[in-house]
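Undergrad: Let me give you the structure first, and then I'll get to my questions.
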Amino acid sequence: MDISPEAAKRLDTTDELAAFRDRFVPITDASVVAYLDGNSLGRPLRATAERLQSLVAEEWGARLIRSWEERWLTLPGEIGDELGRVALGAAPGQTIVADSTSVCLYKTLRAAVALRPGRDEIVTDTANFPTDRFLVESVAAELGREVRWIETDPLTGVRAEDVAAVTGPRTAAVVLSHVDYRSAAITDLAAVTRLVQERGGLVVWDLCHSVGVLPVELDAAGADFAVGCTYKFLNAGPGAPAFLYVNARHHETFGQPITGWMGAADTFAMAPRYVPAPGIRRALSGTPPVLGMVGVQEGAALLAEAGIDRVRAKAVALGRWVLALADAWLVPLGFAVASPRDDDRRGGHVTLRHPDAERLARVLIDNGVLIDFRRPDGIRIGLSPLTTGFAEVRQAMARVRELAG
């Protein structure tokens, strides 16, 4: 593969999504060579900054508390439906914006286990994101269930045969990440969902590293539950609220453990006891975080305009570009590729291993190449398609070669 400066220029020139880079707030720090950490925190949209100013001045400043009835109370469901349409392959009424990913995961896992009484095992994998593993153990302890672990290699991700080996008549719920947070390995969501359901269990999917960067088809796969954050590829902002999905077939029977007034059938009845709202709204607990939801709404709108298929195509192309540069420049210096080389199995980042990765990561960040270090020896190159250019990546990889040589 041609990795010359001219090749980078050609790739940027023919990039259908290149113009979207101007929709983001410019990076004003002149020391930044490349921002390759959008898979941890996406860059801010100009539209989000403008909306926040407008909200403070008008919806909050002028309309005051009247905005709750006029606009704000319906935002969790409205934005959830838009996320479902543009990013999740979910029909309306199944996705809602609420809380953090951790809280949403707790809610959906508790709901899934409750729907399978008499089954005493919860399954997850040893390479799953720490929050997912911690919560599985916490819920298991809380409910007197056992945890079954899938021993997996982050490079390959969780395979259907791995799930088959540990699930059976005792399996209540399986908690898995769609895309591995270290290697970007993609798990076959549809195949695993089908396998677990055939054995009588339910699946809770963590979509944090897939939503907004690759197509997710929850309804088509018959998924049960899913959760995900919005501050990565959706660019909603630090601490922006998460979302949760509950398939419509579970709406009449699922319950969640953090029952609050926003999830009640009549929010303002101030009733003596809790009666859950119909449908997905019962997944709500407390007051919606209106300021944070603005970023989610703008991120979803931008993704709708760009199109998830075009975003995915560019993510694949950026991944190939990083692999070519790494093979030519960095593998001879002791680096190894720790992400799948198969485009169909790789998400929106590429991880490189190096024995001295922790020190190198700090050196790179100090020298303007903003990446992630992931223990024990991974340097994660985040490739957010709407904000990342090919020449930018080449310049960053050249800096890595220079500093590691």
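The values are calculated or read from the model by the stated rules, or taken from the named source; none is laboratory data. All figures in this text were calculated on a predicted structure; none of them were measured in a lab. Note: ideal-geometry Cβ built from the backbone for every residue, glycine included; neighbour counts use all protein chains shown. Heavy atoms of the whole protein, side chains included, go into the accessibility calculation; ligands, DNA and RNA do not. Shrake-Rupley method; radii C 1.70, N 1.55, O 1.52, S 1.80 Å.
Undergrad: List, please: which pairs have Cβ atoms under 8 Å, are six or more places apart or on different chains, and start with a residue in the range 324-337 that is over 11 Å from residue 3 (Cα atoms) and end with one that is surrounded by fewer than 16 Cβ atoms within 10 Å (Cβ to Cβ) and modelled with pLDDT of 95 or more?
TA: From residues that are over 11 Å from residue 3 (Cα atoms), the pairs are 334/355; 337/327; 337/331.
Undergrad: Taking the range 373-394, which residues are over 19 Å from residue 17 (Cβ atoms) and at pLDDT 95 or above? Quick ask: steps written out before the conclusion?
TA: Restricting attention to the range 373-394, the residues satisfying the condition of being over 19 Å from residue 17 (Cβ atoms) are 373-380.
Listed by number, the residues that qualify are 373, 377, 378, 379, 380.
Undergrad: Also, quick follow-up: Within the range 145-185, track down each residue that is touching a Ser or Thr at 6+ places or on another chain (Cβ under 8 Å), crowded, with 22+ Cβ neighbours inside 10 Å and among the β-branched types (Val, Ile, Thr).
TA: Hits for the range 145-185 are 158, 174, 175, 179.
Undergrad: For residue 302, work out the one condition from (1) more than 17 Å from the chain's Cα centre (by Cα); (2) buried (at least 19 other Cβ atoms within 10 Å of the Cβ); (3) within 21 Å of residue 386 (Cβ to Cβ); (4) among the hydrophobic types (A, V, I, L, M, F, W, C) it doesn't fulfil.
TA: Residue 302 satisfies all of (1) more than 17 Å from the chain's Cα centre (by Cα); (2) buried (at least 19 other Cβ atoms within 10 Å of the Cβ); (3) within 21 Å of residue 386 (Cβ to Cβ); (4) among the hydrophobic types (A, V, I, L, M, F, W, C) except (1).
Undergrad: Mind listing whichever residues of the range 203-238 are part of a loop (DSSP other than H, G, I, E, B) and without any contact (Cβ under 8 Å) to a residue 60 or more places away in the chain? It would help to see each step written out before you state the result.
TA: Of all residues in the range 203-238, those part of a loop (DSSP other than H, G, I, E, B) come to 207-217, 222-224, 229-238.
Residues satisfying the conditions are 222, 223.
Undergrad: In the range 355-405, what residues are under 30 Å from residue 313 (Cβ atoms) and in a loop (DSSP other than H, G, I, E, B)?
TA: 368, 371, 383, 384, 385, 386, 387, 388, 389
Undergrad: Determine whether residue 282 is modelled with pLDDT of 95 or more, open to solvent by 10 Å² or more (accessible area, probe 1.4 Å) and touching a Leu at 6+ places or on another chain (Cβ under 6 Å).
TA: Working: modelled with pLDDT of 95 or more: yes; open to solvent by 10 Å² or more (accessible area, probe 1.4 Å): yes; touching a Leu at 6+ places or on another chain (Cβ under 6 Å): no.
Here the answer is no, as residue 282 does not meet what is asked.
Undergrad: Let me ask something additional. Here are some residues: 114, 87, 91, 140. Which one is among the aliphatic types (A, V, I, L, M), surrounded by fewer than 15 Cβ atoms within 10 Å (Cβ to Cβ) and either modelled with pLDDT of 95 or more or within 17 Å of the chain's Cα centre (by Cα) (or both)? Working first, answer last.
TA: On the way: 114 fails: surrounded by fewer than 15 Cβ atoms within 10 Å (Cβ to Cβ); 87 fails: surrounded by fewer than 15 Cβ atoms within 10 Å (Cβ to Cβ); 140 fails: surrounded by fewer than 15 Cβ atoms within 10 Å (Cβ to Cβ).
The match here is 91.
Undergrad: Same structure again: Please state which one of 16, 6 is open to solvent by 40 Å² or more (accessible area, probe 1.4 Å), in contact with a helix residue (DSSP H, G or I) (Cβ under 7 Å, 6 or more places away or on another chain) and either part of a loop (DSSP other than H, G, I, E, B) or within 27 Å of residue 364 (Cα to Cα) (or both).
TA: Values: 6 fails: in contact with a helix residue (DSSP H, G or I) (Cβ under 7 Å, 6 or more places away or on another chain).
Result: 16 is the single residue among 16, 6 that is open to solvent by 40 Å² or more (accessible area, probe 1.4 Å), in contact with a helix residue (DSSP H, G or I) (Cβ under 7 Å, 6 or more places away or on another chain) and either part of a loop (DSSP other than H, G, I, E, B) or within 27 Å of residue 364 (Cα to Cα) (or both).
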